[in-house]
Structure formats: C-alpha cells, structure tokens
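Undergrad: Before we start, here is the structure in question, set down as structure tokens.
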Amino acid sequence: MTDLVAVWDVALSDGVHKIEFEHGTTSGKRVVYVDGKEEIRKEWMFKLVGKETFCVGAAKTKATINIDAISGFAYEYTLEINGKSLKKYMENRSKTTNTWVLHLDGEDFRVVLEKDTMDVWCNGKKMETAGEFVDDGTETHFSVGNHDCYIKAVSSGKRKEGIIHTLIVDNREIPELLE
C-alpha cells in the first residue's frame with residue numbers, strides 16, 4: 001500500500017520528467033520521486049503541511065511541492081517550477097522554446113530549441129550546433145544520427161509574432177509540437 005497522492009509530467013528542454021509524491025497523512029511520511037528515482041524521503045513528520053524542494057533534469061531546475069490542508073484530513077498538492085505554478089511555467093515555456101518530435105531510423109527524437117540561448121536539445125542531450133547567417137535569417141545546424149538538421153529563424157514581419165523557427169531534417173520541414 002503506497003501513499004501516492006500526486007503525479008505530474010513536466011516538459012523541460014532535456015525531456016519530459018515524471019514527478020511522483022507520496023504523502024502519509026497518518027505518519028507524515030513524504031517521498032518525492034523524479035523519473036522513478038527517489039529524491040527525498042522523510043519519515044515520521046509531525047507537521048503534515050509544508051513544502052519539499054528538489055531539482056529536476058539536466059539543468060537542475062528548481063521544483064517545489066506545496067502541501068496545504070483544505071479541510072479536516074484533506075490535502076491539496078501543487079507543483080511549482082522555478083517559483084511559478086506548473087501551469088504558468090508551461091505557458092511561459094511555450095513562449096521561450098520550440099519543440100518538435102520526429103521519427104528517424106525507427107527511433108523517436110524530441111528536439112527542443114531554447115530561443116533565449118539558441119541552445120538545441122535532442123533526447124535530453126545538448127547538441128553541438130553551428131550558426132550561419134543566410135539571406136532571410138539564420139540557420140542553426142546540427143546532426144541527429146547521420147541526418148542533417150537545421151533550425152531556420154526568419155522574421156514574421158509582424159512585431160507581435162516575432163521570429164518564426166522551423167526545423168528542417170533532410171530538406172523536409174517538421175511540424176512543431178505544442179506542449
């Protein structure tokens with residue numbers, strides 16, 4: 001019998017991480033798992049509400065689980081990433097990153113562009129890239145296996161839209177995944 005009370009999937013640049021939280025409301029036990037690996041274990045805590053803070057992913061992103069009593073013996077569990085609610089964090093992330101999922105040589109690849117740094121991640125690893133200026137914008141080149149890939153950045157011509165990023169693999173445009 002486990003005391004699993006909450007599970008969240010958090011999409012970061014290095015992949016989607018599963019966070020699980022066990023809370024024993026009689027013993028006060030708290031256990032946090034990230035991708036199935038135990039990060040925090042506290043047995044016999046007298047205070048049943050509070051916070052647990054830990055790191056997620058390759059970039060050691062700060063995560064906090066808030067434990068709040070709502071009534072009697074009912075509790076609410078909320079996850080914050082970098083000090084923002086998970087919902088706010090993911091909304092903000094969709095503005096600062098682009099994500100594509102592609103299938104090459106029988107394998108799935110998740111490619112993430114961090115727009116602020118122009119870092120490119122593929123299946124959890126930061127890629128070696130080469131930037132190049134072209135007539136209508138820039139291209140950031142990298143390889144996935146023996147496939148030539150680049151992310152093309154061109155101005156939309158509209159201030160509100162900003163720059164449009166497109167992933168090209170073997171001269172084929174890959175549609176963006178909206179997380």
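Undergrad: Filter region 127-137 down to the residues that are out of contact with any His (no Cβ under 9 Å at 6 or more places or on another chain) and either of a type in the set (A, V, I, L, M) or closer than 12 Å to LEU167 by Cα (or both) and list them by number.
TA: Residues satisfying the conditions are MET127, VAL134.
Undergrad: Note down all Cβ pairs under 9 Å where the first residue falls in region 39-56 and is under 16 Å from GLY24 (Cα atoms), the second is of a type in the set (Phe, Trp, Tyr) and surrounded by 14 or more Cβ atoms within 10 Å (Cβ to Cβ), and they're at least six residues apart or on different chains.
TA: ILE40/TYR33; ILE40/PHE54; LEU48/TYR75; VAL49/TYR75; GLU52/PHE21
Undergrad: Also: Farther than 20 Å from VAL16 by Cα, open to solvent by less than 80 Å² (accessible area, probe 1.4 Å) and charged (D, E, K, R): which single residue out of ASP119, ASP136, ASP148, ASP170 fits that description?
TA: ASP170
Undergrad: Filter region 100-116 down to the residues that are assigned to a strand (DSSP E or B) and either exposed (fewer than 10 other Cβ atoms within 10 Å of the Cβ) or of a type outside the set (Lys, Arg) (or both) and list them by number.
TA: TRP100, VAL101, LEU102, HIS103, LEU104, GLU107, ASP108, PHE109, VAL111, VAL112, LEU113, GLU114
Undergrad: Next question, about the same structure. Scan region 43-59 and tell me whether some residue there is open to solvent by 80 Å² or more (accessible area, probe 1.4 Å) and within 30 Å of GLY137 (Cβ to Cβ).
TA: Taking every residue of region 43-59 in turn, none turns out to be open to solvent by 80 Å² or more (accessible area, probe 1.4 Å) and within 30 Å of GLY137 (Cβ to Cβ).
Undergrad: Filter region 96-136 for residues that are closer than 11 Å to ILE151 by Cβ and among the polar types (S, T, N, Q) and give the result.
TA: Selection gives ASN98, THR129.
Undergrad: Related question: Tell me, which residue of region 86-129 that is at pLDDT 95 or above and more than 16 Å from the chain's Cα centre (by Cα) is farthest from ALA59 (Cα to Cα)?
TA: Ranking the candidates gives THR129 first.
Undergrad: With the condition kept exactly as written, say whether any residue in region 20-42 is open to solvent by 40 Å² or more (accessible area, probe 1.4 Å), over 29 Å from LEU177 (Cα atoms) and of a type in the set (Lys, Arg).
TA: yes
Undergrad: Being closer than 27 Å to GLY106 by Cβ and not in a strand (DSSP E or B) is the filter; apply it to region 130-179 and report the residue that is modelled with the lowest pLDDT.
TA: Out of the qualifying residues, it is GLU179.
Undergrad: Could you list, ordered by first residue, the pairs with Cβ atoms under 9 Å in which the first is in region 94-105 and without any contact (Cβ under 8 Å) to a residue 60 or more places away in the chain and the second is surrounded by 14 or more Cβ atoms within 10 Å (Cβ to Cβ), at least 6 apart or interchain?
TA: So the pair list comes out as LYS95/LYS115; THR96/GLU114; THR96/LYS115; HIS103/PHE109; ASP105/HIS147.
Undergrad: If you go through region 70-88 one residue at a time, how many are open to solvent by less than 80 Å² (accessible area, probe 1.4 Å) and in contact (Cβ under 8 Å) with a residue 40 or more places away in the chain?
TA: Residues that pass the stated criteria total 5.
Undergrad: Could you check, for region 4-19, whether at least one of its residues is under 22 Å from ASP68 (Cβ atoms), in contact with an Asp or Glu (Cβ under 7 Å, 6 or more places away or on another chain) and either assigned to a loop (DSSP other than H, G, I, E, B) or open to solvent by less than 40 Å² (accessible area, probe 1.4 Å) (or both)?
TA: No: zero hits.
The values are calculated or read from the model by the stated rules, or taken from the named source; none is laboratory data. Quick caveat, the model's predicted, so the values are computed rather than measured. A quick note on method: Cβ atoms are made from the backbone with ideal geometry, for glycine too, and the neighbour counts reach across all protein chains shown. Accessible surface is based on the protein model in full, side chains and every heavy atom, while ligands, DNA and RNA are left aside. Shrake-Rupley method; radii C 1.70, N 1.55, O 1.52, S 1.80 Å.
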